[in-house]
Every structure is written in C-alpha cells, then in structure tokens.
Amino acid sequence: MDYSIAFFLPNNTAYDTVRRVLQRMGYEYPVYAKSTYDAVRTAKTLLPQGLHMVVSHGLTLRFLERDLPMIPTLELPFSGLDALLAVQNALQYADRRIVHLGTKHLYHYIRRSLQILGVDPAVISFRELSTDVPQEQMAQDLIDEGFEVFIGGFPIVNYVRRRGKVGLEFDVDEQNVEETVLNARRILRNIIDIEERSDLNEAILQASSDGIIALNESRRITSANAAACEILQESEENLAGRLLATVLASHNLIDIELLPQQRSVASSLTPIILRELPIITESLPKGSVVSIKKVSEVRELEYRARRQELAARGLVAKYTFDDILGSSPAIRRAKELAETYAKCESPILLYGDTGTGKELFAHSIHQASSRRSKPFVAINCAALSESLIESELFGYVKGAFTGAAREGKEGLFEIADTGTLFLDEISELPISVQAKLLRVLQEGEIIRVGGDKVIRVDTRIICSSNKDLLQLMRANKFKNDLYYRLSVLEVTIPPLRARPEDIPDLSMSLAKSHAAKHRKKIKSISPDVLAALSRMPLRGNVRELSSILERMVILAAGPVLDMETLWRCNLREMPLDPPEAGEAPQESLSLNIKESQRQLILQALEQCGGNKAATAKLLGVDISTLYRKLKAYHIPH
C-alpha cells in the first residue's frame, strides 16, 4: 500500500466509486469512508507511514485542513451532473420537505440543477454544515422543523435513516476521480521535489563550517545553523527573535574589522570574521544572511592548508621525550625539568655541549606543549649571515632590497605564528637582530624588513646555546635585556661524559638505525666495544657516538659489532690497543664503565685544581652526586 496519498470520503457512494477508479488505474492508495473527526484521527496514524497529501471534500476537508495544517490537501470535486442526479432522486419525494445539509459550493450546483429542470429552487432547502456543531445534532434540529428528505454525507444519511427519514448521498463522476488522482500525483511530485531541495539546502547549511544566521528586516535572528549555535554556545530556539548585535555583545564577540586598537579592550573580546549578504525580493529588502567564523578557526584552517608544505620543508616537530634515550639520573632530571617547562608559555633556554641533543629536546618540548598541533620552526642562527638572518626571521616587503622576491616574503616568526620557533645557537645572533628579537618577546609584534606595518604574532620561543650567555653578556656580546628574557626557564643537557651508563643503550639504538639505513643486519655490540666507547672522550657527544657507530655498521663483516670492527674504524682517539688474535677481553663491561667514570672524575679534579664545585659543574652533575661518586670510587676528598 502506498500511503503517500490518502482519500477520506464522508460518502459511501463516492467511497465505492473512488476505490473502483483507483483499482482500474492500478494505484494502491488507501481510501477511507470517514468524516470530520474520524478522518483526522485516521490521517494522523498515517503520518509515520509517509502520508504527504489527503484528498477529500465538504466539511471533512475543512477539518483536515484545520487539524493537519502541515499536510497538503486536495478537493475531490462534485460536478454539475452529480448534483443533477442527486436532485432527480430527491424530487421523487417532492411531496415532502427536502433539505441539503452540506456546503455552499455543492448547493450552488443543486440550485442550478433545479433551474435546468424548471423547478422552483425553494423546493430544496439548504443548511450549511459547521465545524462547531455535530452533524447529527443539526440533522435532529431539521427533523424537528419537519424535514423528511436529507441530501448529505453518510453521517447525516445514516442518522436520519435511523429516525425513519429518507437519506440521499451524492456520487462522484469517475472522470473527475481520475483527473483528481492524476492532479494529486503531480502535486505530490512537486512537493517531494521541493522537500528534497529543502532538505539538501538544509544539509548544506548545517554542513557548513561557517556559522550561518538569517536576519529579518529588524536584524532579529530568525534561524541559525549548527555551526552558528556552536560559536554562540546557544540553541537555535534561544537565539530566535533576538537582535544579532545583542547576542554578539553578550558573548564578547566582535567583527575583526571593528576590533579596538587598545589592547586592554581588545584582549577581552573574541574576534570573528563577519560577512553579510542582503536578501532582496521583488526589489524590496527582506532581511539578510550573515556568516560568522572565529579568527582562531581561520588560522587553524590556514595552518592545516600549509602543514603539508611545512612538513616538506621540515618545519614540524618530529620527536618526543620518548625518543631521548638514557636512564641515568642526569638525563632523567633534564627530561623531567623540560617536561615541566613545556606546559608553560615562557621562553626556554637549552644549554649543552655540541651533540648533546638540544634540538631533540626542543622538538620534544613543543610536542609536550599545548601548541603541539601548531607549527614548529627551527633555524640555526650560526648558519646565516647578519644580512640574511634578519629577513629570514622577520620577512621582508616587496622591493626591500636587491634580489628580494617581487611579492615579498613571510618571515619565520609569521610561519611559526601560534606555534614554536626554535633558535639554535642563539649566541651567534648579531646584536642588531637581538634588539628586534627583544621587541618580539616584549610586544608580540614584528615589522618586516623594508616595511612599516606592525604584524602581531603569537610565537613561543625556545633557544639553545653551547656557550655561556652570561659571560657573553658581561663581554657586551649579548644584550642584557634579551638574556634575562630568554633565561626565565633553563635546562642544562648533560654531556655523555656525565652519563656513561647511558652509552650502551644509545649505542644499540644508533646501531639499529644505521643498520636499517645501510641495509645491514646488526644483532648486537660486543661488551668490550661498549666498554671502549664508554672510555672515549666523545667530545662531540651523541653526534660523535652516532658517527662512530655508523662507520662500524658500514665496516662490519657480520651481525656483531666487535673490537676488530672498531679498530678498523681507525679512530684518532682509540682508548685500547688492537686485540691480538684469539685474545679475549679481560674486564667486564660494568668494570670498564666504572673505571671510565673514575678516570673522568680524576681528570676533572685535576683540571679544576681540586675544587669540588667547579668539578661538579664541569661534569654536569650535582655536588652531592660528585661526593657519592668520590666515595664509591675511593677517591680522596
């Protein structure tokens, strides 16, 4: 059964005719012999089954229109011939009082039929049905007035017949039924097309990432999509009828073009991008459609759009604290401190010798911060000349200098906006650039080279240095104000000589990485090799250790990195003589590591003239740790 169209007929004769016509046309629409309230109740039960349209006539049609306003209706009309046949049947009882209890529309045809037949129209009286008075009561009142023949629908006909009176019904012409069915189907197709287009438009509206708000001529909100409700943090019902300006003000939202210059005022407001399009109908304004989007969301979209480019240029963080290997107390303390600082927004200064992993720490700090999904941009300050580093950091405008790009260039501070900028080897930054860097830290503003426009940036700064900035400051090679701005949070990364117990794990990890790179199968490193590596100065720290192991992997003849392979590396600082054939190592790895630590401490003490505080600083350990080591290795103190 197709419940998209339903027929409700307050007339048994018409009911039979409609069913017969539908069967002949091959359509399976439901047909009900129901009137007024019964028709409404039945129609409501069909709504879940897909009811889109009802067909009826007379008072029943009026009831359906009133109680189901959301469902389109179509009248099944009576023709003049239908009225003529009903009049002829009624005139058989001309000796009795005849009345038509129905609608003015049908009574018009009854009067015309009487005129055609040459009969006085007054022969058949008329009473109009009312939605306020039950049909049975109206029929009883007419019986009381002396009427004996009734023309109407089945509720009236059935009632008067039970009272011993004559009840006559109208029939409908089959041709009219066919045309009504075809009209209903055409209208239904149009309704469904409109609904589908409306659903599509609604889906597009709701799918839009922009907040969309419709306003009437008084600039009051008439509707809003889901994105707008999310931005405003209110339901569409709460927004309806309110002035847009009032709603924006209540949520501290402001069009970015109207944002005050005073920072104290602007800081309390959330900037949005607002665009408005007027609605014009028949040359008259009918309100407008407004799109709103938070500036922060636009920046996020811009970053996503350029993230692939940033990745291709290496401008994203690749490492986390899990990538920093080592379990020694010194490296654990450095990692714990860096993880704590990562949660803050203040600048971080990383101290450490060459090759200790300062950049690895910078990547990890960014990944552990709230800016992890934002850009991470790194620059080596020692790699660029003074003339280039300023334009790299701050960008330049069109025609700023000879050789500049025609359209100008975005600086690294702008690229890293909302993210992190890592300034490696900050000690090499020229004094002239240091002053501009200080302005960025203080004001959050930059000016491109050759330009005069102030650009606001929100960039977290991480710096690194293998030189003592405090000494450089005292020598007037580093600006005092900048030093104190950068040194709010400091992390000292210990050298390998201060954590030799980490060398075995580091060595195995580096060996596996280089083996994969050079397509070699390396399963292990012999203990005597690890002992030898632990006794080396390794002034280049992890970087030097990585170079040694890569050379060993390349030279290795088998799956084990042994002393013979290490000797073949021809290192300039070999701690052991080459092993003789068949000679086995005399000491275990743990003894060699302890002896290496003992020798390092003795060398440091000698270098510092026996000063324990200076020795601890040179080794990168706490003074308490140094005293424990002195006692453990039986070194006089």
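Before moving on, here are some points about what is shown:
- For segment 217-246, the set of residues classified as hydrophobic (A, V, I, L, M, F, W, C), crowded, with 16+ Cβ neighbours inside 10 Å and more than 23 Å from the chain's Cα centre (by Cα) consists of Ile221, Leu244, listed by residue number.
- Among the residues listed as Leu538, Leu591, the single one being surrounded by 13 or more Cβ atoms within 10 Å (Cβ to Cβ) and either modelled with pLDDT under 85 or in contact with a Leu (Cβ under 9 Å, 6 or more places away or on another chain) (or both): Leu538
- Contact map, segment 240-257: residues that are in the same structural domain as Val289 (by TED's automatic domain parsing) paired with residues that are of a type in the set (D, E, K, R) and surrounded by 11 or more Cβ atoms within 10 Å (Cβ to Cβ), Cβ distance under 7 Å, separation 6+ or inter-chain. Pairs shown: Gly241/Arg220; Arg242/Arg220; Leu243/Arg219; Leu243/Arg220; Leu244/Arg219.
- Options Pro72, Pro77, Pro10; residue that is in contact (Cβ under 8 Å) with a residue 40 or more places away in the chain and within 18 Å of Phe150 (Cβ to Cβ): Pro10
- Among the criteria (1) in contact with a Leu (Cβ under 7 Å, 6 or more places away or on another chain); (2) of a type outside the set (Lys, Arg); (3) buried (at least 20 other Cβ atoms within 10 Å of the Cβ), the one Asp173 does not fulfil is (3).
- Meets criteria (of a type outside the set (Val, Ile, Thr), under 24 Å from Glu75 (Cβ atoms), in a helix (DSSP H, G or I) and in contact with a Ser or Thr (Cβ under 8 Å, 6 or more places away or on another chain)) for Leu182: no
- Residue check, Val18 touching a residue at least 60 places away in the same chain (Cβ under 8 Å), among the aliphatic types (A, V, I, L, M), in contact with a strand residue (DSSP E or B) (Cβ under 7 Å, 6 or more places away or on another chain) and outside any helix (DSSP H, G or I): no
- Just one residue in the set Leu47, Leu59, Leu84, Leu64 is in contact with a Ser or Thr (Cβ under 7 Å, 6 or more places away or on another chain), outside the structural domain of Gly146 (by TED's automatic domain parsing) and either surrounded by fewer than 16 Cβ atoms within 10 Å (Cβ to Cβ) or at pLDDT below 90 (or both); that residue is Leu59.
- The residue pairs whose first member lies in segment 115-140 and is at positive phi, whose second member is among the small types (Gly, Ala, Ser) and surrounded by 12 or more Cβ atoms within 10 Å (Cβ to Cβ), and whose beta carbons are closer than 6 Å, counting only pairs six or more residues apart or on different chains, do not exist in this structure.
- Yes/no for Ile415 being crowded, with 17+ Cβ neighbours inside 10 Å and either assigned by TED's automatic domain parsing to the domain that holds Ala614 or modelled with pLDDT of 90 or more (or both): no
- The set of residues from segment 156-177 being assigned to a loop (DSSP other than H, G, I, E, B) and touching a residue at least 60 places away in the same chain (Cβ under 8 Å) comprises Glu169, Phe170, Asp171, Val172, Asp173.
- Output for segment 114-155, where each listed residue is part of a strand (DSSP E or B) and not hydrophobic (A, V, I, L, M, F, W, C): Ser125, Arg127, Glu128
- Among residues of segment 477-518, those that are assigned by TED's automatic domain parsing to the domain that holds Asp424, within 42 Å of the chain's Cα centre (by Cα), more than 30 Å from Ile601 (Cα to Cα) and not in a loop (DSSP other than H, G, I, E, B), counted: 6
- Evaluating Leu51 against the criteria (1) touching a helix residue (DSSP H, G or I) at 6+ places or on another chain (Cβ under 8 Å); (2) part of a helix (DSSP H, G or I) leaves one unmet condition, (2).
- Across segment 502-515, the number of residues qualifying as surrounded by 18 or more Cβ atoms within 10 Å (Cβ to Cβ) and charged (D, E, K, R) comes to 1.
- Matching option when the condition is modelled with pLDDT of 80 or more, more than 23 Å from Ser296 (Cα to Cα), out of contact with any strand residue (DSSP E or B) (no Cβ under 6 Å at 6 or more places or on another chain) and of a type in the set (Gly, Ala, Ser), among Ser218, Ser235: Ser218
- Among the conditions (1) outside any loop (DSSP other than H, G, I, E, B); (2) free of Cβ contacts under 8 Å to residues at least 60 places away in the same chain, Asp95 misses just one, which is (1).
The values are calculated or read from the model by the stated rules, or taken from the named source; none is laboratory data. All values derive from a computational prediction rather than experimental measurement. Quick reminder, even Gly has a Cβ in these numbers, built from the backbone with ideal geometry, and neighbours come from all protein chains shown.
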